[in-house]
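Take a look at the structure below.
Please treat every number below as a calculation from the coordinates, not as lab data. Keep in mind that what you see is a predicted model, and the values were worked out from it rather than measured. Cβ sites come from the backbone with ideal geometry, for glycine too, and all protein chains shown count toward neighbours.
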Amino acid sequence: MPAARLALTGVSAWIGRGDRRIEDATIVIHGGRFAYVGPSAGASIPPDTRVIDARGTVAIPGLCDLHTHLTSNSQHHRVINNTVFRTNTPPQAKLLHGLLNGLRALSAGFTTLRVMGNKGVGEVHLRDFINQGILPGPRLLVAPWWISMTAGHGDLFWPPTWRREPDDTADGPDECREAVRRQVREGADFIKIMASGGVMSHGDKPTWPNYTVEEISAITDEAHALGLRVAAHAQSTEGIRRSLLAGVDTIEHGIYLDDACIELMLKRGVTLVPTLAISTWIATEGLQRGAGQEGVDKIKVVHDVHRDAVRRAHEAGVKIALGTDSSGTLCPFGENARELELYVEVGMSPVAALEAGTRVAAEAMGLASEIGTLEVGKRADLVLVNGDPTRDIGLLRRPGAIRMVLKDGVDCTDPWPAVTRQFEATELQQAGVAS
């Protein structure tokens, strides 16, 4: 339940719109929403309000990660090959891994996650339990499963001998439309499609396109008619081009973006979700983190190309929204802000990087009226930082830098103390480290 009333006083409030900030601000929260965000001199704090002296801190909007694989391995001390975990872990266990991964992200300041679904695991139900206040966790937007063509990126995640179910592939415009309708029946918040080959699938290449323009158009037409946005896994130039022509809303990864695709993205207002974090983790530590040799070899080929594509897209003015591709030990939850550091490395200012993880991300999800900025009437998602991340983006991953995380006005700094502390202690013990 939202806190009755809460006020942060003396804080430096970065609103989430460019360099706009309010020094010596007061933020008043009531009913889970911002009731006042402005100068302390003009603030009126009701008598029944809990007041926190926040001098010396900077408040930023709650962060968003638009590309996560929530129900992946949460046990950092017990690395399992990614394919083995995906094929051998029961769905109930995957969901519990997802709960812990979500808590890690939330305590790191990520109040909203867009989840690239895992079929039959129950992420939609986890979303609903969190929304109902039954379980703690970040706000989740879920695609129950991806839509992949036969021999496409999604299909090739599974061994050839693995039994395929009707939802695993869709071929031709009619099947693609039906796949969207099945996703909606399962409770989808958005649709995820595979429009190119990839890195972690087996036997294909990131340079391959998947699906025709006609097939992707059928998906986007059906999704948009039902009020859902479409996220396209698109790494190859041709996969990106076909996705843009077909009207998708976000391009995920965008490794082989060329100038023509960048121009088309600008013309159509499509947002890029880069996922540089997973590329960096796998390129540097992939074998130790559970990536197979094939995936590591692929990522080393595309790593620098990917960074250059994001740099050129930013310089051209393409909208960029934060997405990490967080996937258990491959790209760990709780380290999501590494993506922001990488944006700064390729040329974005810390402010622009923070906008990618707040306002621009909210706009890309269709939630701009609810989250993404510190403005009256919006949900009270907020991260209170000891220091100024608009000048030093690395603060967000520095131990002790995050003083408080609020989601809907509720303190989620340690969202599930007894469980998470015991879990972390157990991990350390099993790894042979004294707690």
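With R₀ set to 45 Å, the beta-carbon distance separating ASP297 from LEU245 gives a calculated FRET efficiency near 0.90.
If you wrap the tightest convex hull around every Cα atom of the chain and split its volume per residue, you get 132 Å³. Ignoring lysines fewer than eight residues from LYS119 along the same chain, the ones with Cα atoms less than 23 angstrom from its Cα are LYS94, LYS192. Note on the chain: helix-only mean residue ellipticity at 222 nm, from DSSP H runs of 4+ residues weighted -39500 (n - 2.57) and normalised by residue number, equals -11000 deg cm²/dmol. Please give every one of the lysines within straight-line cross-link reach of LYS298, meaning a C-alpha to C-alpha distance under 21 Å, and leave out same-chain neighbours fewer than 8 residues apart. Candidates past the 8-residue exclusion: LYS205.
Using a Förster distance of 41 Å, how high is the FRET efficiency between ARG20 and ARG268, based on the Cβ-Cβ distance and rounded to 0.05? Given R0 = 41 Å and the Cβ-Cβ separation, E is 0.90. How much net charge surrounds ARG86 when only the other residues with a Cβ under 12 Å from the Cβ of ARG86 are counted, with Lys and Arg +1 and Asp and Glu -1? Local net charge: +2. Of the DSSP H helices in the chain, those with a Cα length along their own long axis of 30 Å or more and a mean Kyte-Doolittle hydropathy reaching -1.0 comprise 293-316. The local environment of VAL199, defined by Cβ-Cβ distances under 13 Å, has a net charge of -2 under the rule Lys, Arg +1 and Asp, Glu -1. Taking other Cβ atoms within 10 Å as a rough exposure proxy, HIS77, HIS303, HIS69 sort from fewest to most as HIS77, HIS303, HIS69.
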